[in-house]
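Below: the structure, in C-alpha cells.
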Amino acid sequence: MVYNFGSINIDYVYRVPHLVKPGETLASESFQQVLGGKGANQSLALARAGGSVTHWGRLGRADRWALAPLEQAGVNIDAIELIEDASGHALIQVDDAAENAIILYPGANHGFTEAKLEALTESAEPSGWLLMQNECNATESVICLAAARGLSIAFNPAPLDAKVASLPLSLCNLLFLNRGEAAALAECDPKCDADALLDILAERYPDAELVLTLGADGVRYQRGDHRLSLPAHRVDAIDTTAAGDTFIGYFMAARQRGDDNERALRLASTASALCVQTAGAAPSIPVAKDVEAALVR
Ligand code: ADP
C-alpha cells in the first residue's frame, strides 16, 4: 500500500479578460470549480495507474463532492478527515494570454495535529510506502513518524520552500525532484547540467534513490553508482499542469507491482507525455490502458 500524506485543494478558476488590477472590480467570463492539490493529483495518478493508494488528507465538509473523483479512480478515502473549517483552496485567474495569478489558502491542509499523524502512521502497514509532497503542515513530523514505523518514504518537495533543506531528508528512500527542486537542494544554479546536479545529490543523499525529472528533457534516475537516463516523448505540450504528479503516481504504481526501474520510468514518462497534451490537472491524468497503448506505439 502507498499512504499518500497529501493536500486536497479546491481550485476556483476564473477566466478574465486581464488579471485584476489593484482597486479594480472585474467580471469573470466563466467559472469552474475543480479538485486540485498536488496530493490529490498524485493519489489520482497512482490509482489510475492501477496502484493501491490510501490518501491521508483533510477537507472541509462543504466540499465533500471532491471525494467522488478520488473514490471513482479507486483511491481509498477512508482516512480523509472531513472538518467544519475551510478546505485548502486556490483562487485562479486566467487571462486571454493564458497568464495566471493565484491566491492559495492552505486551510485544512495545514491543520494536521501530532496526535492525528501518530494515529495515521500507527494504522499503516510497515511494509508500505509513505508518499508526501510539501503542501501540508508537519512534514518533518510525518517523515520521523513514518521512519519510526518502518515505512519506506518517497518525498516530492513541491512546492519548494526555504524549510525543505532542513528536513531530515536522509530518512527518505526516494526523492522525486524537478530541476528547480534539485538545484535548490544541491545549492546550484537551476541551469546547471543535470548530471552534475545528480552527482552532488548522490553524494549528499547516498542511501536514497533519486528521480530527477527534466520536463521536455526527460528524466534521470540514480541509485548508488547506477544511473539511468530516458528522453521525454516528443509531443506538442499544451499544458504541463500535473505532469510531475502524473509521473510520480505512475512510477510509484509500477514499483508497487514489482516492475523494474527502467519500465517504471518508461511508463511514467509516457503517462506524463499524455498529460501535457491535455488541458487541466485532474482531467489530464491518463488511465492505464491509454498509457499502455501509447507505450507500444
Ligand atoms: P514538474 O511538473 O514537477 O515541474 P517536469 O516539468 O520535470 O516536472 O515534468 C515531469 C515529467 O513530465 C518529465 O520528466 C517528462 O517525462 C514529462 N514532461 C514534462 N514536460 C514535457 C514536455 N514538454 N514534453 C514531453 N514530456 C514532458
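Just to be sure, is residue 181 surrounded by 19 or more Cβ atoms within 10 Å (Cβ to Cβ) and either more than 15 Å from the ligand (Cβ to nearest atom) or more than 22 Å from residue 133 (Cα to Cα) (or both)?
Criteria not met by residue 181.
Taken over the range 151-178, the criterion of being assigned to a strand (DSSP E or B) and more than 16 Å from the ligand (Cβ to nearest atom) is satisfied by 152, 153. The criterion of being in contact (Cβ under 8 Å) with a residue 40 or more places away in the chain, surrounded by fewer than 19 Cβ atoms within 10 Å (Cβ to Cβ) and more than 15 Å from the chain's Cα centre (by Cα) does not hold for residue 89. Take residue 279 and decide whether it is part of a loop (DSSP other than H, G, I, E, B), in contact (Cβ under 8 Å) with a residue 24 or more places away in the chain and more than 13 Å from the ligand (Cβ to nearest atom). Yes: the conditions hold for residue 279. Name every residue in the range 207-253 that is β-branched (Val, Ile, Thr) and either surrounded by fewer than 17 Cβ atoms within 10 Å (Cβ to Cβ) or more than 10 Å from the ligand (Cβ to nearest atom) (or both), in order of residue number. Across the range 207-253, the qualifying residues are 235, 238, 240.
Give 81, 29, 71, 24 a once-over and let me know the one that is surrounded by fewer than 17 Cβ atoms within 10 Å (Cβ to Cβ), modelled with pLDDT under 95, of a type outside the set (Ser, Thr, Tyr) and at negative phi.
It is 29.
Being in contact (Cβ under 8 Å) with a residue 24 or more places away in the chain and not β-branched (Val, Ile, Thr) holds for only one residue in 21, 38, and it is 38.
The values are calculated or read from the model by the stated rules, or taken from the named source; none is laboratory data. The shown structure was predicted, so the numbers you read here are calculated from the model rather than taken from an experiment. In this analysis, Cβ positions are derived from the backbone assuming ideal geometry, glycine residues included, and neighbour counts consider all displayed protein chains.
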